[in-house]
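Remarks on the structure that follows.
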Amino acid sequence: MKNDLVLHIHTSPDEIDAAAWNDLLAQQSAPSPFMRHEYLAALHASGSATPESGWTAAFVTLKRGRTLVAACPVYVKDHSYGEYVFDWAWANAYEQNGLAYYPKAVVAVPFTPVPGARLLARDAESRTLLVHGLIQWCKEAELSSLHLLFGADEDVKACEDAGLMLRHTVQFHWTNAAYSDFDAFLASLSHDKRKKIRQ
């Protein structure tokens, strides 16, 4: 870590300045409303993403002086529920080999399989430093692994460049082709598909 940068671990999004977080989010190539500070804070305030539900917050910020240069939502998990990534086979493989898969670190928005920026950074260098800081923190915290879920392309690249393994999965996205209503959508399908949907 560069001498002028400091990595902080926060146990709640409320410990992070909302305006600074949202400003950083707005600078990303794929900002998602689910990464807004208000949304993440609401997940905690509602009790949805809490240690009791298996989502222990460890939000990471990287600051230069008082300026936020990078940040991401990190959760320490002791299960894989609510991630929309099915890694039970990995957990079983760890167990069969006498290793503990949990706890693990997950950079994600809880219960939200929507792609977008996860590693918020002012520039590529800050993103790289954030990833290296995350890796070091995971080692120090004795976490089994670090997972980035549904990240933007630049997030994935920063993780790959840091030596993390890429796992390929498939996600299906529906795009509304300006259908006037659901019946118009159904009319665009074959008879068999319409029939199956209506059942």
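General observations
- Projecting the Cα atoms of 144, 186, 9 onto the charge dipole of the chain, computed from C-beta unit charges around the Cα centre, puts 186 farthest toward the positive end.
- Proximal lysines relative to residue 63, as straight alpha-carbon distance under 28 Å, when same-chain residues fewer than 8 apart are discounted: 2, 77, 104, 139, 157
- Cα-projected label distance for residue 191 with residue 174, points at 7 Å along beta-carbon direction, nm: 2.4
- Residue exposure sequence - 85, 6 - by fewest surrounding Cβ within 10 Å: 6, 85
- Around the Cα centre of region 5-174, unit charges on the Cβ atoms of Lys, Arg, Asp and Glu (plus for the first two, minus for the last two) sum to a dipole of about 200 debye.
- Full extension of the segment from residue 161 to residue 19, taken as 0.36 nm per residue of separation minus the current Cα-Cα distance, would add 48.1 nm.
- Farthest towards the positive end of the charge dipole of region 5-174, among the residues 88, 166, 120, is the Cα of 120, using unit charges on the Cβ of Lys, Arg, Asp and Glu.
- Here's the thing: no lysines lie within a cross-link span of residue 196, going by alpha-carbon distance under 20 Å and ignoring same-chain residues fewer than 8 apart.
- Each residue of region 144-157 was assigned a 3J(HN,Hα) from its phi angle through the Karplus expression (A = 6.51, B = -1.76, C = 1.60, θ = phi - 60°), giving 5, 6, 10, 10, 10, 10, 6, x, 6, 3, 5, 5, 4, 4 Hz with x at Gly and Pro.
- Under a 5 Å amide H cut-off, with hydrogens placed 1.01 Å from N, residue 145 pairs with 105 among residues at least 5 apart or on other chains.
Any read-out appearing in this document is the output of simple, stated calculations on the displayed coordinates, not a laboratory observation. Keep in mind that this is a model prediction, so the values were computed, not measured. A quick note on method: Cβ atoms are made from the backbone with ideal geometry, for glycine too, and the neighbour counts reach across all protein chains shown.
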